[in-house]
Amino acid sequence: MTLGTYRFAFRRWLCTTLGTRQSLSVKIKWAIGFLIFAISFSVKSLQAVDLEPTMHTADQPGSVMSSDFDSRAVSIVAGQGILMPNIPDPSDTSILSHAPAYSIFLSGVYSLSGRSYFTVQLVQNLINSVSPVLMFLIVGNLISWRVGIAAGLLSGVSHHLSYYSNLILSDSLCALPILIAMYLIVRAGRQRRGALWIYAIAGLMIGVSAWVRPNPMLLGLFTAVGLVIISSRRRRPILNAAVVALVSFLTIAPITIRNYLLFGEFVPIQIGVGLNMWEGLGDASGGRFGATTDDEVILHEVALYDNPSYGGSWASPDGIKRDRERLRRSLEVIAEHPAWYFGALFERMSEMMKDTAHAPLVFRSTDTKLKDALNASRAAKSSRELRAHYDPAFETIDRSALSIGRSISWLRPPARAVQRITKEPGLIFVIVGLGILVVGSPRRALLILIVPLYYLLFQSVMHTEFRYTLAMRYFLFVFSAVVWTLLLASAVTLLREGVRRTMRLRQTGRSE
């Protein structure tokens with residue numbers, strides 16, 4: 001047999017096992033989508049209860065950034081401007097430290113239900129539980145509904161996605177617009193005519209994701225390049241791809257215009273590229289180059305510029321000038337040590353792919369590790385420190401949003417077990433599933449790879465944290481889902497064959 005014959009046989013087996021030709025009725029799709037949503041929301045609600053002891057305290061994960069978002073949201077609620085606040089001091093560039101959408105989102109939650117992080121968690125968990133349903137639809141339309149169900153469930157129970165959904169940070173919400181964009185692109189690819197407006201909405205959604213956090217700023221352009229490469233045709237796909245890229249940039253443009261009107265400088269979304277580059281060098285070199293924390297950056301710049309006013313924040317005052325200087329210094333280090341820097345890029349990529357770190361599983365019902373650690377930490381602090389960080393309003397904050405998670409505590413054992421079972425082989429299954437899909441359907445594999453490749457290539461250039469790359473996690477689950485589907489389908493086939501053989505033996509015995 002020739003290589004082509006083997007490949008044809010493999011693809012035929014793959015299509016049969018994955019059920020690529022099977023279809024689902026609209027009612028069944030709705031039922032499965034609701035089930036995936038419910039499972040995802042339940043797991044996220046359990047992890048919201050797990051984080052309760054830290055919320056509204058200095059021990060809250062990302063508390064400094066959460067405080068920045070919260071302060072801006074409060075000012076919006078107070079009527080101080082949504083996109084164009086009044087800034088009397090032109091050197092005050094603190095508004096450029098973050099993309100604007102998450103503070104706007106918080107202000108909406110505060111306006112409707114009061115200033116409670118627990119309510120924010122509830123709303124975020126509801127929104128983020130739609131994302132696994134979208135994965136089900138994306139993969140169902142692109143590969144098969146069997147794999148779509150597996151991808152939806154894997155992303156729904158993910159300990160990473162569930163944990164970060166409960167942090168008062170913009171990272172988790174950034175993924176939903178990207179998933180909507182990819183779903184629209186998949187649907188548009190199934191239409192022969194009249195799909196240009198769908199590509200335009202996809203570009204709009206990618207632009208909206210950059211409003212939430214700036215990482216996907218170039219994703220529209222990267223997606224456009226990917227679509228052209230994947231397509232077997234040329235003229236029409238180039239137009240579609242151009243629309244995606246153009247509309248994504250036009251969606252981001254109001255932020256860029258706002259920044260120019262306020263400060264007279266070109267800042268596409270926010271400052272921080274220089275900060276991330278400088279801290280990335282510090283992390284990768286163990287402090288030999290750059291800096292490892294925001295505080296180190298601040299102290300260094302107070303001394304460098306001999307300006308005590310820089311001691312309050314890395315972003316203000318004069319944040320644009322300071323960040324550009326960080327970028328310049330970073331590029332000088334990279335130019336002097338290119339081989340070391342490219343090695344650091346691959347280390348960051350490897351860190352992004354870890355499935356067994358960076359987030360806890362759902363706690364056991366009797367697990368008090370977090371509370372015990374917090375109590376020990378607080379006991380070790382001086383009473384002055386505790387008074388400085390203690391917020392008297394914390395005791396009266398509405399916690400009713402946690403009632404859902406508390407009422408389903410009986411789900412903790414199975415939820416934790418599923419998280420552990422799916423996370424341990426995660427990276428291996430991603431690699432194996434990628435190989436299988438590349439051989440079986442390279443264009444579909446490349447389409448799924450667009451978002452992961454974007455984050456791996458662009459985010460590795462700078463300092464990165466796992467939470468920055470949550471959007472790509474959804475698409476990596478597709479490759480894991482292929483392997484899980486093959487294993488489960490093969491197991492079902494073997495079970496059926498075993499039952500048939502048993503029945504045949506019984507019938508043979510009776511006839512004798």
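The values are calculated or read from the model by the stated rules, or taken from the named source; none is laboratory data. Note that this is a predicted model, so its numbers are computed, not measured. Here Cβ is always computed from backbone atoms with ideal geometry, including for glycine, and neighbour counts include all displayed protein chains.
Here are the numbers for the structure shown:
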item: The stretch 312-350, residues that are buried (at least 17 other Cβ atoms within 10 Å of the Cβ), in a helix (DSSP H, G or I) and among the polar types (S, T, N, Q); result: Ser330
item: Residues located in the stretch 237-249, provided they are within 23 Å of the chain's Cα centre (by Cα) and of a type in the set (A, V, I, L, M); result: Val244, Ala245, Val247
item: Residues located in the stretch 282-312, provided they are more than 28 Å from Ile255 (Cα to Cα) and either of a type in the set (Gly, Ala, Ser) or touching a residue at least 60 places away in the same chain (Cβ under 8 Å) (or both); result: Gly282, Asp283, Ala284, Ser285, Gly286, Gly287, Gly290, Ala291, Ala303
item: Single residue of Ala210, Ala253 found to be assigned to a helix (DSSP H, G or I), surrounded by 23 or more Cβ atoms within 10 Å (Cβ to Cβ) and not β-branched (Val, Ile, Thr); result: Ala210
item: Among (1) assigned to a helix (DSSP H, G or I); (2) crowded, with 22+ Cβ neighbours inside 10 Å; (3) of a type outside the set (D, E, K, R) - the single one Leu112 does not satisfy; result: (2)
item: Some residue of the stretch 367-380 being surrounded by 16 or more Cβ atoms within 10 Å (Cβ to Cβ), at negative phi and at pLDDT 90 or above; result: no
item: Filter result for Lys44 (of a type in the set (D, E, K, R), surrounded by 11 or more Cβ atoms within 10 Å (Cβ to Cβ) and under 30 Å from Ser116 (Cβ atoms)); result: yes
item: Criterion: under 24 Å from Lys44 (Cβ atoms), modelled with pLDDT of 85 or more, aliphatic (A, V, I, L, M) and surrounded by 15 or more Cβ atoms within 10 Å (Cβ to Cβ) - qualifying residue of Ala445, Ala401; result: Ala401
item: Long-range neighbours under 6 Å by Cβ, at least six apart or interchain, first residue more than 16 Å from Ala38 (Cβ to Cβ) within the stretch 129-144, second of a type in the set (Val, Ile, Thr) and buried (at least 24 other Cβ atoms within 10 Å of the Cβ); result: Val139/Val147; Val139/Val478
item: Flag if Gly290 is buried (at least 16 other Cβ atoms within 10 Å of the Cβ) and at pLDDT below 90; result: yes
item: Test result for Pro414, in a helix (DSSP H, G or I), under 30 Å from Glu279 (Cα atoms), free of Cβ contacts under 8 Å to residues at least 40 places away in the same chain and not acidic (Asp, Glu); result: no
item: Qualifying residue in the stretch 332-352 (condition: touching a His at 6+ places or on another chain (Cβ under 9 Å), within 24 Å of Leu453 (Cβ to Cβ) and either of a type in the set (Lys, Arg) or modelled with pLDDT of 95 or more (or both)); result: yes
item: Of residues in the stretch 429-457 being among the β-branched types (Val, Ile, Thr) and over 20 Å from the mean Cα position of the chain (by Cα), the one farthest from Met135 (Cα to Cα); result: Val439
item: Hey, Ile168 closer than 18 Å to Pro214 by Cα and either in contact (Cβ under 8 Å) with a residue 60 or more places away in the chain or basic (Lys, Arg) (or both) or not; result: yes
item: Hits in the stretch 222-246 (condition: surrounded by fewer than 18 Cβ atoms within 10 Å (Cβ to Cβ) and of a type in the set (A, V, I, L, M)); result: Val225, Val228, Ile229, Ile238, Leu239, Ala242, Leu246
